[in-house]
1. May I ask you to list the residues of the stretch 571-599 whose amide nitrogen lies under 16 Å from a point 7 Å from Cα along the Cα→beta-carbon direction of residue 646?
2. How high is the relative contact order of the chain, in percent, with contacts defined as C-alpha pairs under 8 Å that are six or more residues apart?
3. Around residue 455, what is the net charge, scoring Lys/Arg as +1 and Asp/Glu as -1 over all other residues with Cβ under 12 Å from its Cβ?
4. Please work out the Cα center distance from the stretch 474-536 to the stretch 52-112, rounded to the nearest Å.
5. When the helix-only estimate is applied to the chain (DSSP H runs of n ≥ 4, each -39,500 (n - 2.57), divided by the residue count), what is the mean residue ellipticity at 222 nm, nearest 500 deg cm²/dmol?
6. What's the FRET efficiency of residue 396 with residue 443 using the Cβ-Cβ distance as r and R₀ = 30 Å, to the nearest 0.05?
7. So how far, in whole Å, is the C-alpha centre of the stretch 645-667 from the one of the stretch 381-438?
8. Quick check: pseudo-label points 7 Å beyond the Cα along Cα→Cβ at residue 234 and residue 681, how many nm apart are they?
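Here, each number is a calculation from the coordinates, and none is a lab measurement. Treat the numbers as computed from the prediction; the structure is a model and nothing was measured. Using ideal geometry, Cβ is built from the backbone for each residue, glycine included, and neighbour counts are taken over all protein chains shown.
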Amino acid sequence: MRNLLLLIFIALFGANSDLVFSQKKNLMLEDIFLRYSSKFSPSSLKQLQWQKGSDNYLYESGNVILQVNVKTNSSNCLVTLEKINAALNANYTSFPTYEALNTNQLLISNNNTFSVFDLLKKTAINQVALPENALNVDLYKKSFRLAFTIDSNLYLSVNNKNVRITNDGGKGIAYADAVHRNEFGINKGTFWSPEGNYLAFYRMDETMVTDYPLVDVTTRIARLRNIKYPMAGMTSHQVKVGVYDIKNNKIIYLETGEPLDHYLTNISWSPDEKNVFIAVLNREQNHMWLNQYDALSGKFVKTLFEETDSHYVEPLKPMFFLDDKSNRFIWQSRRDGFNHLYLYDGNGALVKQLTKGSWEVSNLPDINYSSGDIFFEANINNPLEKHLCRVNLKSDKIIQITSISGVHTCEISSDGKFVLDTYSSQKVTGNTDLLQTNGRFVRNVYSSGNPLNDYQLGETSISSLVADDGKTPLYYRLIKPSNFDSLKKYPVIVYVYGGPHEQLILNQWSNRTELWLQYMAQQGFVCFTLDNRGSANRGRDFENIIHGQVGVTEMKDQMSGINYLKKQGFADSTRIGVHGWSYGGFITTSLMLTYPETVKVGVAGGPVMDWKYYEVMYGERYMDTPQENPDGYAKSSCLDKTNQLKGKLLIIHGGQDPTVVWQNSLMFIENCIKNNKQVDYFIYPTHEHNVMGRDRLHLMQKVTDYFINFL
């Protein structure tokens with residue numbers, strides 16, 4: 001009987017038996033959006049970091065922190081979770097966030113609890129538990145002082161005592177929080193002096209800004225929640241920078257002058273704690289002054305230098321002082337067309353430009369003072385990759401340290417001799433290598449497996465095409481169905497963002513969005529993404545071509561991509577759809593209205609529909625004010641073009657969106673009604689600018705179904 005069954009099996013499946021046993025799985029939306037971390041995120045060494053002051057690196061493994069010596073490759077248990085719990089009187093089931101302060105101490109943090117653990121004595125040296133409602137926590141590690149806010153007022157925790165520093169926070173006044181709507185690289189509101197004797201902080205006054213209503217519908221009687229939302233061309237908030245003297249319990253405010261609605265960005269301290277430096281930007285954002293202020297009196301000292309641009313100046317990084325008692329510092333600027341490093345002396349005189357080329361510096365991780373090497377990360381030689389490089393202060397010689405294709409994130413050892421290099425690419429899920437800072441490979445520290453190895457995926461390719469100017473390369477990613485047949489015609493989904501500060505096409509491992517595009521390829525779509533002019537990391541001219549006319553060049557470039565697809569023969573020109581969120585929602589809607597004969601289906605999430613409804617900082621940078629640029633605002637608006645809508649369009653918006661306010665899409669719907677145009681509309685009543693958490697699955701199921709049903 002067994003032999004008979006075997007003969008039947010062979011007769012039925014024959015030569016295809018390999019396919020039976022090697023059948024790969026299809027992606028599921030639930031796995032992508034609810035279980036991405038556990039199923040698809042490549043594994044890595046948890047909390048990998050250098051142990052400061054040693055030749056060791058640390059990482060979490062199970063219930064221990066392992067210490068590995070780079071020279072011998074020997075490892076040992078530094079401390080167990082059991083010891084941490086005993087010392088901190090805690091019951092952690094996995095390691096909280098830790099940082100090696102030195103060879104003998106770990107900083108342990110969890111929510112609003114901070115401790116220093118002594119590795120020799122296995123005891124806690126300092127323990128501070130802030131109130132649960134404390135926000136904007138900023139720890140000065142040397143003396144274990146913490147700044148934080150409660151109800152928009154500034155507090156300090158010194159010697160385990162909480163001291164209230166300000167009293168008038170709230171009702172339009174906010175202390176020690178990020179200001180200017182987090183533009184200009186601002187992500188916090190407090191700045192410790194080098195020795196922790198002073199604290200610089202922002203004070204933002206929004207009382208003069210018009211209230212903007214958001215409605216909370218979760219109560220039986222819906223509640224009004226007003227936010228401050230200065231729109232382009234309208235009254236903006238006013239910001240000051242204060243300095244708190246801890247020893248004398250005194251606040252002074254820097255005399256930053258007028259007009260009061262200018263931007264105070266990129267705050268930094270002089271190494272001797274005597275001066276505070278601020279990149280002051282006019283409201284027009286085309287003139288920047290790097291100003292010096294006396295930290296004790298608040299008096300203006302001098303302007304070190306100025307930068308101007310006919311479009312905009314956008315300082316994103318504060319001064320980086322060299323710790324060599326020379327007061328020299330490094331400044332990042334796009335003044336020559338690309339973001340590069342410039343060395344200045346303490347008086348603000350330019351010493352020299354340190355880096356130069358048609359590529360962008362993205363990060364400045366470290367300096368080796370003994371060798372004079374400045375380490376930086378940049379997309380040198382390839383705009384789709386990021387590599388660690390170094391430049392010598394004396395010789396000006398630039399050396400690329402990492403060489404393997406991909407996007408690299410690196411940490412430099414305390415002595416500046418070794419690098420922990422973590423990278424991925426389209427082909428490498430995630431590796432960590434140990435390198436010397438001369439680029440010599442020492443050993444592989446970790447290689448993750450491929451979490452997508454058992455799944456049926458479409459062929460992914462990255463390449464470039466030329467923009468309509470005949471010279472600018474535009475990079476794109478193309479995903480074909482796994483059973484692709486070159487003789488068939490496939491519907492196309494174009495996924496787009498297209499705005500500044502974002503680059504979608506990189507030589508790195510797939511993220512959640514790319515997995516969704518792979519899922520759509522499994523449903524029979526060709527998926528296409530292109531970084532148009534206006535997007536990030538390609539230089540000043542590539543980005544600021546959109547100034548005063550957002551949407552125009554972006555759409556031209558997206559259409560260049562669509563026309564390229566049409567020429568390949570496999571794209572069904574009658575079934576082309578577009579999806580994007582935020583700026584991508586604006587481009588999606590604009591394409592539907594401007595090229596209705598080409599784009600048949602669109603899903604636009606959180607879209608800006610008219611830039612006069614967008615916030616002052618971002619909006620005026622790229623569009624000036626509506627009063628200064630009425631034609632540009634009119635041309636970019638989607639509101640008066642609804643009569644051109646022909647295809648199927650789904651608009652999605654968060655009912656609590658404080659970034660792209662709900663008014664944008666509501667006014668678009670109102671104009672569709674006036675023009676007797678049918679449009680589909682969906683609101684997530686409790687979500688802000690994006691739909692996150694478990695509801696993300698609901699959102700992406702809706703987006704998926706819309707393309708399947710109508711494309």
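1. Label zone hits: 573-578, 590-599.
2. On the way: 1587 pairs, mean separation 61.8, N = 711.
Relative contact order for the chain comes out at 9 percent.
3. Numbers: positive: 24, 25, 39; negative: 31, 454.
With Lys, Arg at +1 and Asp, Glu at -1, the net is +1.
4. With the stretch 474-536 and the stretch 52-112 each reduced to a Cα centre, they are spaced 41 Å.
5. Calculated mean residue ellipticity at 222 nm is -5000 deg cm²/dmol.
6. Working: r = 31 Å, r/R0 = 1.05.
Plugging the Cβ-Cβ distance into 1/(1 + (r/R0)^6) gives 0.45.
7. 42 Å
8. Between residue 234 and residue 681, the label points sit 2.0 nm apart.
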